[in-house]
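Here the structure is laid out as structure tokens; the discussion comes afterwards.
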Amino acid sequence: MNEQKRIEEIIHLWKADKKMYVKKSSFSAYMLLLENHLLPVFGNKYVVEEVEVQTFVFQKLQQGLSQKTIKDMLIVLKMVLKFGAKNKWLTYHPFDIQFPTQREKQTIEVLSRGDQRKVMHYVQEHFTFRNLGIYICLSAGIRIGEICALTWEDVDTERGIIHIRRTIQRIYNIEDGMRKTELMLDTPKTKNSIREIPMSGDLLKMLKPVKKIINNSFFVLTNDVKPTEPRTYRSYYKKLMKELALPDLKFHGLRHSFATRCIESKCDYKTVSVLLGHSNISTTLNLYVHPNLEQKKKAIDQMFKALK
């Protein structure tokens, strides 16, 4: 066994090692979890026991953090502890953490069909590049980082396809205790997010004349060499929705609305999953496929018909 080290010392060494293997955006996310949550609680310890981690989880739940966020913290903590054990700086005691059962059903916010038509009609009547982005999100289900990173080169009006190749986000850099932010244009986190999305007839009709006169290297939302960042575009979207007297729907609700319309139109689930860039079909099913009462009755009737 090497000389034992405190968790904060191991974290310092782990950071230098991990930085070589992960994307900058992932590394930034790890740093925030470490600095804001893990270091203050575990930094001075030489060993971490299951009971301490369980107490930590309950504290974070009481602070209002989601189970997903807390589970992300535990993933980072485990990586650090296993790194320490591998180098014989501590003894790693595996922990099995319990979370309270979530009884509330997860609901997703979507535009009604009428409200979606209202937004799309408004954009057709009041064309601006920023408005166009909202129309594209409702027509293709892309994320806010993806629409901010979209360039005219990604819009193929000959084949009627939008190529999703990049995303943009503002990340935190923590160096020597100093925090600064950086706007980062990068490939999406998973390979499934790199995808081709066919355009609807209306979207293609809107884009064809524009495509002939713009600079291919410009970003779609700004029609300029410089992009807009998600925070700025989210503010613009909120303002527009308010002006149109529409529900206060999060920007991600546009993506949910696209997916919901696909499911309502009886699209097969695998296709919807691929269009959304989900890493697996179960994500799509869990989010969007909830049989209604009519479908449940039909299933029961079919079962008993088969029995007869």
Restricting the search to region 225-268, which residues are among the hydroxyl-bearing types (Ser, Thr, Tyr), in a helix (DSSP H, G or I) and in contact (Cβ under 8 Å) with a residue 40 or more places away in the chain? Tyr233, Tyr236, Tyr237, Ser257, Thr260
Any residue that is more than 28 Å from the chain's Cα centre (by Cα) and either crowded, with 18+ Cβ neighbours inside 10 Å or at positive phi (or both) - is there at least one of those in region 90-112? yes
Would it be correct to say that Asn223 is more than 26 Å from the chain's Cα centre (by Cα) and either at positive phi or not aliphatic (A, V, I, L, M) (or both)? no
Under the condition of being among the aliphatic types (A, V, I, L, M) and in contact with a Lys or Arg (Cβ under 9 Å, 6 or more places away or on another chain), which residue from region 173-198 is modelled with the highest pLDDT? Ile194
Within region 158-169, identify whether any single residue is out of contact with any Pro (no Cβ under 8 Å at 6 or more places or on another chain), loosely packed, with under 15 Cβ neighbours inside 10 Å and not polar (S, T, N, Q), and answer yes or no. yes
Among (1) closer than 25 Å to Leu34 by Cβ; (2) outside any strand (DSSP E or B); (3) free of Cβ contacts under 8 Å to residues at least 12 places away in the same chain - the single one Ile213 does not satisfy: (1)
Among the residues of region 173-181, are any in contact (Cβ under 8 Å) with a residue 12 or more places away in the chain, surrounded by 13 or more Cβ atoms within 10 Å (Cβ to Cβ), within 24 Å of Thr128 (Cβ to Cβ) and in contact with an Asp or Glu (Cβ under 7 Å, 6 or more places away or on another chain)? no
Looking at (1) in contact with a helix residue (DSSP H, G or I) (Cβ under 7 Å, 6 or more places away or on another chain); (2) within 21 Å of Lys250 (Cα to Cα), can you tell me which one Val155 breaks? (2)
Specify which of the listed residues (Lys191, Lys208) is out of contact with any helix residue (DSSP H, G or I) (no Cβ under 9 Å at 6 or more places or on another chain), more than 30 Å from Glu35 (Cα to Cα) and assigned by TED's automatic domain parsing to the domain that holds Thr232. Lys208
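The values are calculated or read from the model by the stated rules, or taken from the named source; none is laboratory data. Not measured: the values here are computed from a predicted model. FYI the Cβ positions are ideal-geometry reconstructions off the backbone, even for glycines, and counts take in every protein chain you see.
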